[in-house]
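Colleague: Quick one: the structure is below, questions incoming.
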Amino acid sequence: MDNIIIKEASPEDALARIEYSKKIGSETDNLSFGEEGFPISVEGEAEYIKSLLKDERSCSFFAWRDGEIIGDVSLSGMPRRMNHRAELGITVLKSEWNKGLGSRLLEMAIEYAKSHGIEIINLEVRSDNFRAIHVYEKYGFRKIGTSPAYFKIGDSYIDFDIMYLDLR
């Protein structure tokens, strides 16, 4: 965990974030995108980051080492009658798996939620991603269902578990 700096995303990080999405997308089939990364312009990503910064129920933190993003976590606050809830997204470069970075990022998101009135955190995770599920369960997330055929990669359908953390 040496030399890792975790800080809130800023619009100036947009290009690095897009490059990171291509790198992480090429390493795993656990994400909604592959090696093409996010289908968004640098300007579009910068605007997205700005929108998260304006929303007190949303956040995005990037983990940096030597000028490169190596992990990220975000909470996307939900609107209207669902504004007590947020959706969690988290990624970590494969080279950083099993080193505690995912846990550090998850802890930051949970602390952010607690301090910003978010009562429930939702997430979806591949049903066969046992490593991630174990980490989520360690922090109190519980499986509440399965979404069949959530992903289709080639001819294969992949189920996802729906999990939540109740902070009330």
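The values are calculated or read from the model by the stated rules, or taken from the named source; none is laboratory data. No experiment lies behind these values; they were computed from the predicted model shown. As a convention, Cβ positions derive from the backbone with ideal geometry for all residues, glycine included, and neighbour counts pool all protein chains shown. When the accessible area is computed, the model is the full protein with side chains, heavy atoms only, and any ligands, DNA or RNA have been set aside. Shrake-Rupley method; radii C 1.70, N 1.55, O 1.52, S 1.80 Å.
Colleague: Return only the number of the condition from (1) surrounded by 13 or more Cβ atoms within 10 Å (Cβ to Cβ); (2) among the polar types (S, T, N, Q); (3) at pLDDT below 90 that Ser60 does not satisfy.
Modeller: Among (1) surrounded by 13 or more Cβ atoms within 10 Å (Cβ to Cβ); (2) among the polar types (S, T, N, Q); (3) at pLDDT below 90, Ser60 violates only (3).
Colleague: Another question, then. Among what's in region 9-30 and is surrounded by 13 or more Cβ atoms within 10 Å (Cβ to Cβ) and touching a helix residue (DSSP H, G or I) at 6+ places or on another chain (Cβ under 6 Å), pick the residue that is nearest to Phe160 (Cα to Cα).
Modeller: So, considering only residues that are surrounded by 13 or more Cβ atoms within 10 Å (Cβ to Cβ) and touching a helix residue (DSSP H, G or I) at 6+ places or on another chain (Cβ under 6 Å), the one nearest to Phe160 (Cα to Cα) is Glu27.
Colleague: Test each condition in (1) within 27 Å of Ile69 (Cα to Cα); (2) exposed (fewer than 12 other Cβ atoms within 10 Å of the Cβ); (3) of a type outside the set (Phe, Trp, Tyr) for Ile144 and report the one that comes out false.
Modeller: (1)
Colleague: Every residue in region 63-94 that is open to solvent by 50 Å² or more (accessible area, probe 1.4 Å) and out of contact with any Ser or Thr (no Cβ under 7 Å at 6 or more places or on another chain), please.
Modeller: Arg65, Asp66, Gly67, Glu68, Pro79, Arg80, Arg81, Met82, Asn83, His84, Arg85 - these are the residues of region 63-94 that are open to solvent by 50 Å² or more (accessible area, probe 1.4 Å) and out of contact with any Ser or Thr (no Cβ under 7 Å at 6 or more places or on another chain).
Colleague: Among the residues of region 110-119, are any over 17 Å from Ile5 (Cβ atoms), touching a strand residue (DSSP E or B) at 6+ places or on another chain (Cβ under 9 Å), among the basic types (Lys, Arg) and not in a loop (DSSP other than H, G, I, E, B)?
Modeller: No, the conditions are met nowhere in region 110-119.
Colleague: Which condition number in (1) in contact with an Asp or Glu (Cβ under 6 Å, 6 or more places away or on another chain); (2) of a type in the set (A, V, I, L, M, F, W, C); (3) farther than 16 Å from Ser76 by Cα is the one that Ile133 fails?
Modeller: All conditions are met except number (1).
Colleague: Same structure, new question: Do any residues in region 56-67 that are over 15 Å from Val92 (Cα atoms) have Cβ atoms under 8 Å from those of residues that are in a loop (DSSP other than H, G, I, E, B) and open to solvent by less than 60 Å² (accessible area, probe 1.4 Å), where the two are at least six apart or on different chains, and which pairs are they?
Modeller: Arg57/Met78; Arg57/Gly117; Arg57/Ile118
Colleague: Give region 93-112 a look and list any residue that's in contact with a Gly (Cβ under 9 Å, 6 or more places away or on another chain) and touching a residue at least 60 places away in the same chain (Cβ under 8 Å), or say none.
Modeller: If the condition is that a residue be in contact with a Gly (Cβ under 9 Å, 6 or more places away or on another chain) and touching a residue at least 60 places away in the same chain (Cβ under 8 Å), then Leu93, Leu101, Arg104, Leu105 are the ones that fit.
Colleague: Need pairs with beta-carbon distance below 8 Å; first residue among the hydroxyl-bearing types (Ser, Thr, Tyr) and within region 33-52, second open to solvent by 60 Å² or more (accessible area, probe 1.4 Å); sequence gap 6+ or separate chains.
Modeller: Tyr48/Ile40
Colleague: Do any strands (runs of 3 or more DSSP E) entirely within region 22-97 hold 2 or more residues that are among the aliphatic types (A, V, I, L, M), and if so, which? Outline the logic, then answer.
Modeller: On the way: elements: 59-65, 68-77, 85-92.
Answer list for region 22-97: 68-77, 85-92.
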